[in-house]
Amino acid sequence: MIEVRDLSKSYGDKRAVDHLSFTIEPGKVTGFLGPNGAGKSTTMRMILGLDRPDGGTATIAGRPYRDLSEPLRMVGALLEARAVHSGRTAYNHLLVLAQTQGLARKRVDEVIDLIGLREAANKRAGGFSLGMGQRLGLAAAMLGDPQVLILDEPVNGLDPEGIHWIRNLMKELATQGRTIFVSSHLMNEMAVTADHLIVIGRGQLIADCPTHEFIARSSEKSVRVAGPDLTRLEQIISAEGGKVTAGTDGALTVSDLEAPRIGELAAREGLVLHELTPQLASLEEAFMELTRGSVEYGTQAQGAADPNTKPAPAQARPR
Amino acid sequence: MTATMTDTKPAAPSGSGRSTTFSRLLLAEWTKLRSVRSTVWSLLLLVVLTLGFTALFTWLTVSQWDQSSKSQQQQFINDPVGLILGAGFQLSQLAICVLGVMVMASEYSTGMIRSSLLAVPKRTPMLLAKSVVFVALVFVVGVLTAFGSFFIGAPIVHSKAAVALGDPGVLRAVIGAGLYLAMLGLFALAVGAIIRHVAGAITGIIGFVLVLAPLAQLLPGNVGDHIHAYLPTEAGHLIAQSRPGPHDLLTPWQGFGVFSVWTAILLALAIWLLNRRDA
């Protein structure tokens, strides 16, 4: 179990993490969601004892990370930033870490096979691709067979097969009763992986609830309506209290009025309908709506590329 | 990539206790040192170049003997071992400064420090284990190189200035050369830990050890002599001379003591900063 209480951290004038409190329970995958720059990595680094908080506490199983005597046997972590000496082979990197925990060499070989690093084990880490680097980081995290896993953007740089693999891995580890805490800036990635969500923006807590609840709560329902006489349709829908926006493709988007009611209205007026489709706003849209006020590096023009978007592959957004 | 990972076995029960934990850190730091090719190559190169340069320097001294001044000849006869060892020092000092800085600063430049601190969140023991392993390695290599230099240099200069290991202060000077290099390695490691940037730390320490400190000899008067005498490396290398020179204010062991104090202060600063800073 991970407990964060009133955690704060500033860099100069900028508040990276602002009085954050939450608890991560074992036995499920908890997603840590927020736009880039929301403070996810900083929070994780404070939990792991790498950064010193300005205030508040972070504990794992009741103890600060710095007080754990063989931390890798209890907590496995994958950081976003590189954490391997480029001149050392993957095998030797894992061996160094194993030796600090008193783990046998055999465990290094086991983890290498487990993570699929066998072919690269004796190559120097400096030549690794992004994906291989992620796998080496995961191997290091799994080395001590820990009860708690803290993964910062683990799917970054992985191919579709790797993404699928790590999702199943996290779910399986959670089923075994472990605590899995995984961050992402992609709502859709979290929707298929996480059982529970912690959402932050500008270092502050926005939501802490089960994933399905978050989706239901933040998805705005609307109905798409099309027919030959859009003007009349708009009039009768508006008269009933529906909010109408005209789409660009000759259809209306109606909110605040449900599809069956719109159908009844059209039938009463004798209007022909070509389409009547209830719609859920996409998760990504819902997430953007929710965090709009808190996006650290917002873009002026909507739809322009966010300069801080991480190089996540397109496959990371399955729909 | 395997699809499942049901084969994670519970880790073997762990032994605990302070001493076993620290010996694990020593083993891990030793693995870190030996598993980076540049360390191994730098040390090999250091040995070969130092021995080669010692042979060259002593041979040149002997072959140019009649052209050199009386005072130079007197200096050589006064302390042959100091000059035999001193020849290779210029090179080995440089290599040890670079290596010492690299050992710690490369953890930062590569990001390895994050893995190191996740594995060993108590930072002071991590730095101490690294220091112990590196100092021990440099001492062994330094002493072996010093003996090698002595046994290459002494026969070459024999006709002009006979010197044997049993002469007063000679054995102490040869072992002292290894001690000096080991302390210099620790000094450089501390500088690397404080500055955390490879290039900056190397420039700083080499500028100080090879340029600024020797230049302090030119400071005028009694005050200048004292400043020069108490500079870390200038004081430290007295341990590698069999007999004090005419301007030396400190005895060999006093000099080494001064160097040790400087190094201890830097190491303490490095530990304090390591515990305070974000990794």
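What share of all Cα pairs of segment B:46-170, in percent, falls into each consecutive 5 Å distance bin?
Taking all Cα pairs of segment B:46-170, the binned fractions are 2, 10, 17, 17, 13, 10, 8, 7, 6, 5, 3, 1, 0 percent.
Of A:Lys40/A:Lys171; A:Lys40/A:Lys106; A:Lys28/B:Lys32; A:Lys106/A:Lys171; A:Lys171/B:Lys130, which pairs sit farther than 32 Å apart, going by alpha carbon to alpha carbon?
A:Lys40/A:Lys106; A:Lys28/B:Lys32; A:Lys171/B:Lys130
Mind grabbing the base-10 log of I(q)/I(0) for chain A at q = 0.09, 0.12, 0.13 Å⁻¹? Debye formula, identical points on the C-alpha positions, no solvent, two decimal places.
Cα-only, vacuum Debye calculation for chain A: -0.56, -0.86, -0.96.
More than 22 angstrom separation, counting every C-alpha pair in segment B:116-202; what % is that?
Roughly 45 percent, rounded to a whole number.
Quick one: grab the alpha carbon gyration tensor of segment A:33-148, order the square roots of its eigenvalues as a ≥ b ≥ c, and give me rounded if a/c is under 1.5, else prolate or oblate depending on whether a/b is larger than b/c.
Details: a/c = 2.31, a/b = 1.44, b/c = 1.61.
Cα axes put segment A:33-148 in the oblate bin.
Roughly what % of Cα-Cα distances in segment A:101-173 sit above 16 Å, to the whole percent?
49
What lysines sit close enough to B:Lys70 to cross-link, taking a C-alpha to C-alpha distance under 18 Å and skipping anything fewer than 8 places away on the same chain?
B:Lys160
Going by how many other beta carbons lie within 10 Å of each one, how would you line up A:Lys171, A:Lys106, B:Lys32, B:Lys130, fewest first?
A:Lys106, A:Lys171, B:Lys130, B:Lys32
Pop the C-beta distance of B:Leu45 and A:Asp195 into the FRET formula with R0 = 51 Å and round what comes out to the nearest 0.05.
Computed FRET efficiency for B:Leu45 and A:Asp195 comes out at 0.35.
Of all the C-alpha pairs in chain B, what % are more than 31 Å from each other?
35
To make sure I understand the rule: partners must be aspartates and glutamates, Cα under 15 Å from the Cα of A:Lys221, and not fewer than 8 residues away in the same chain. Which ones qualify?
In chain and number order, the partners are A:Glu213, A:Asp256, A:Glu258, A:Glu284, A:Glu285, A:Glu289.
What number in nm² do you get for segment A:185-269 if you take the convex hull of its Cα atoms and divide its surface by four?
On the way: hull surface 31.2 nm².
Computed as one quarter of the Cα hull surface, the answer is 7.8 nm².
Hey, can you rank B:133-144, A:63-74 by average C-beta count inside 10 Å, highest first?
B:133-144, A:63-74
How are the Cα pair distances of segment B:133-279 distributed, in percent, across 10 Å bins from 0?
11, 34, 34, 17, 4, 1
Over the protein assembly as shown, with a single point scatterer placed on each C-alpha, what log10 of the ratio I(q)/I(0) does the Debye formula yield at q = 0.09, 0.11 1/Å?
Rounded to two decimals, the profile gives -0.81, -1.03.
Please compute the alpha carbon radius of gyration of segment A:1-98, then divide it by the globular-protein estimate 2.2 N^0.38 Å. Two decimals is fine.
1.18
Considering every residue in A:87-98, what mean count of other chain Cβ atoms within 10 Å of its Cβ is obtained? If you can, show how the numbers build up before the last one.
On the way: counts 8, 7, 3, 0, 1, 5, 5, 1, 5, 11, 7, 5.
Averaged over the peptide's residues, the number is 5.
Computed from the coordinates by the stated procedures, all read-outs in this text should not be read as laboratory data. Given the structure is predicted, the values throughout are model-derived calculations rather than measurements. Here the Cβ is made from the backbone with ideal geometry for all residues, glycine too, and neighbour counts use every protein chain on show.
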